[in-house]
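The values are calculated or read from the model by the stated rules, or taken from the named source; none is laboratory data. Source: prediction; values computed, not measured. Accessible surface is based on the protein model in full, side chains and every heavy atom, while ligands, DNA and RNA are left aside. Shrake-Rupley method; radii C 1.70, N 1.55, O 1.52, S 1.80 Å.
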Amino acid sequence: EMASIGIFLPLFQLLLDPERTAALPVFSWLNANLAGGDPKMLTVLFTAALFGLFVVKMVVLAVIAYVHNCFIFARQAEFAQAMLTAYLVRPYLFHLEKNTAELMRNITTLSMRLFVRGWLPLLQIAAELLTVIGIMIILLLVDAPSTLAVSAVLGAGVAIFYGALRRPLQRWGERTVR
């Protein structure tokens, strides 16, 4: 994620002024060795490399989503099995008093809600939070004052947005749970 963000600035610089950019140390080496001294060819090669990076990024993101889902669904299956075992070891009288449809609903629906609507989003938020922290560290190292100013403006916008939608989302969530 961070590599794809970091490669855009050089691409924009290359698109805006290929002659000047091709004179920069890294670009001059790439221009001489890969593009044969042609700044336009360097732009084409750099764009193709960016496309390749995004293809690799999409494959990596698909693998990460697969691993997340495998992890969550394995934990959900373990939880449902533990619930079933807990129900099966209960006394016979318990099963006479309880509707089996309710017990099966508890095992299937509640375990699915807990993991798919609870743990999976938390895992995704944690992964995104790590990405944001990494990007923020890089941006702070590159240009701290601008990063802090933009973060403050965006943070204020998010706070206003959250303040405006908090009550409606809370009511919607309560209706959804019922």
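Assorted remarks:
- In this view, the solvent-accessible surface of Tyr162, computed with a 1.4 Å probe and all protein chains in place, comes to about 140 Å².
- Theoretical ellipticity at 222 nm over the chain - DSSP helices of four or more residues, -39500 (n - 2.57) apiece, nearest 500: -28500 deg cm²/dmol
- Accessible area ranking (1.4 Å probe, heavy atoms, ligands and nucleic acids excluded), largest first, for Phe8, Phe71: Phe71, Phe8.
- Note that the chain presents 74 Å² accessible area per residue, ligands and nucleic acids not counted, probe 1.4 Å.
- The chain: DSSP helices with Cα axial extent of at least 24 Å and average Kyte-Doolittle hydropathy no lower than 0.5: 39-88, 120-177
- Within the full protein context, the accessible area of Trp29 is estimated at about 150 Å² for a probe radius of 1.4 Å.
- Of all accessible heavy-atom area on region 1-131, the percent that carbon and sulfur account for (1.4 Å): 73 percent
- Thr47 contributes about 60 Å² of solvent-accessible surface, heavy atoms of the protein only, 1.4 Å probe.
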